[in-house]
Amino acid sequence: MTINVGPAIQQLTAFTDAGKKQITFATRVALTRTAQLASASLKHEMRDIFRSPTPYTLSSLFVRPATAKNLTAEVKLKDFAAKATPAATYLAPQIKGGTRPMKRFERAMQSVGALPPGYRIVPGAGAKMDSYGNMNRGQIVQILAYFRSFPEAGYKANMTAGGRTKLALGTKKRAGFRYFVGRPGDRGALGVYQSLRGGGPGSLKPVMIFVRWASYHKNFDFTYVVEKTVEKEFGGQFARAYAEAMRTAR
């Protein structure tokens, strides 16, 4: 999205005797400051629409300041991350709508044979959650390690009615519990279940539930927030920067 402030600058400087140098300075400063304010507004919007957004998400906005040679400022989401999914990737469905891309741990779950193709993961009732409402990383690592050690507990195992019973009862035990992929009972949701040693009521807990292609409606109106910030702030920022330029010129 591009917002052209050229007409606004022409109106703001129509009755001034400022030189090109002062107008360029005021434009550069006003563009950069407005972009920074737009970034702050977007961060505030994230806090409003997302439940407990992580610091990683809140710090995903990037401002490229305007220069004297390039009177353009940019507000964007970071599109690179060394050890995580870039914000520009995982927030895109929230901005544009559509199918959510796979998360890193979902790809890892698929690689160890635990997650069937075409599915995404949502937390089950037995999932451990962090303070931001996401699955606890330690539990995810534990589950991945388990399926690497015991691939027969994954979805590729025989999941007939008899196979489910055999799998639930026969999977190797580890640290007092076991994980398996299945659909317990006739109406159980497909997912990863934790079975505690000893069995009994409450010993079977759904940790991850598998859902078909998680899709999102547009929820994070990035364009609207930026447009409204420019509309509200640019004129005042230009006036202040112009006054600074004129003081310097004297």
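The values are calculated or read from the model by the stated rules, or taken from the named source; none is laboratory data. What you see is a predicted model; the values in this text were computed from it and never measured. Don't worry about glycine lacking a Cβ; one is built from the backbone with ideal geometry, like all the others, and counts go over all protein chains shown.
When you scan region 108-148, how many residues do you find that are loosely packed, with under 13 Cβ neighbours inside 10 Å and either hydroxyl-bearing (S, T, Y) or more than 22 Å from S203 (Cβ to Cβ) (or both)? The number of residues fulfilling the criteria is 7. Residue count for region 202-217 under the criterion of being surrounded by 13 or more Cβ atoms within 10 Å (Cβ to Cβ) and either among the basic types (K, R) or under 20 Å from A40 (Cβ atoms) (or both): the result is 1.
Please verify whether A125 is part of a loop (DSSP other than H, G, I, E, B), among the small types (G, A, S), modelled with pLDDT of 80 or more and closer than 30 Å to Y56 by Cα, treating the condition exactly as stated. Against the criterion (part of a loop (DSSP other than H, G, I, E, B), among the small types (G, A, S), modelled with pLDDT of 80 or more and closer than 30 Å to Y56 by Cα), A125 qualifies.
Can you name every residue in region 4-23 that is of a type in the set (V, I, T) and either modelled with pLDDT of 95 or more or surrounded by fewer than 17 Cβ atoms within 10 Å (Cβ to Cβ) (or both)?
Taking region 4-23 and keeping what is of a type in the set (V, I, T), we get 5, 9, 13, 16, 23.
Listed by number, the residues that qualify are T13, T16.
Selection within region 87-108: residues that are in contact (Cβ under 8 Å) with a residue 24 or more places away in the chain and assigned to a loop (DSSP other than H, G, I, E, B). The member of this set that is farthest from the chain's Cα centre (by Cα) is G97. Listed by first and then second residue, the pairs with beta-carbon distance under 9 Å, at least 6 apart or on different chains, first residue in region 71-83 and at pLDDT 90 or above and in a strand (DSSP E or B), second surrounded by 13 or more Cβ atoms within 10 Å (Cβ to Cβ) and hydroxyl-bearing (S, T, Y), are V75/S39; V75/T229; L77/S60; L77/T89. Any residue in region 119-131 that is under 20 Å from M46 (Cβ atoms) and of a type in the set (A, V, I, L, M, F, W, C)? For region 119-131, residues under 20 Å from M46 (Cβ atoms) and of a type in the set (A, V, I, L, M, F, W, C): present.
Please count how many residues of region 221-244 are aliphatic (A, V, I, L, M), over 15 Å from T2 (Cα atoms) and touching a residue at least 12 places away in the same chain (Cβ under 8 Å). I'd like the intermediate steps shown before the answer.
Looking only at region 221-244, we keep the residues that are aliphatic (A, V, I, L, M), and these are 225-226, 230, 239, 241, 243.
When the remaining residues are screened for being over 15 Å from T2 (Cα atoms), the result is 239, 241, 243.
Pick out the ones that are also touching a residue at least 12 places away in the same chain (Cβ under 8 Å) and you get 239, 241.
Number of matching residues: 2.
For region 29-44, the count of residues that are within 21 Å of the chain's Cα centre (by Cα) and in a strand (DSSP E or B) is zero. Residue-level check: of (1) assigned to a helix (DSSP H, G or I); (2) closer than 30 Å to M129 by Cα, P53 misses just (1). Of all residues in region 203-220 being β-branched (V, I, T) and over 19 Å from the mean Cα position of the chain (by Cα), which is farthest from I143 (Cα to Cα)? That would be I209.
Of all residues in region 128-144, those satisfying the criterion of being farther than 13 Å from V192 by Cβ and part of a helix (DSSP H, G or I) are R137, G138, V141.
Report yes if Y119 is touching a residue at least 24 places away in the same chain (Cβ under 8 Å) and over 24 Å from P53 (Cβ atoms), otherwise no.
On the way: touching a residue at least 24 places away in the same chain (Cβ under 8 Å): yes; over 24 Å from P53 (Cβ atoms): yes.
It is true that Y119 is touching a residue at least 24 places away in the same chain (Cβ under 8 Å) and over 24 Å from P53 (Cβ atoms).
Quick check on A68: is it within 28 Å of M135 (Cα to Cα) and aliphatic (A, V, I, L, M)? In short, no.
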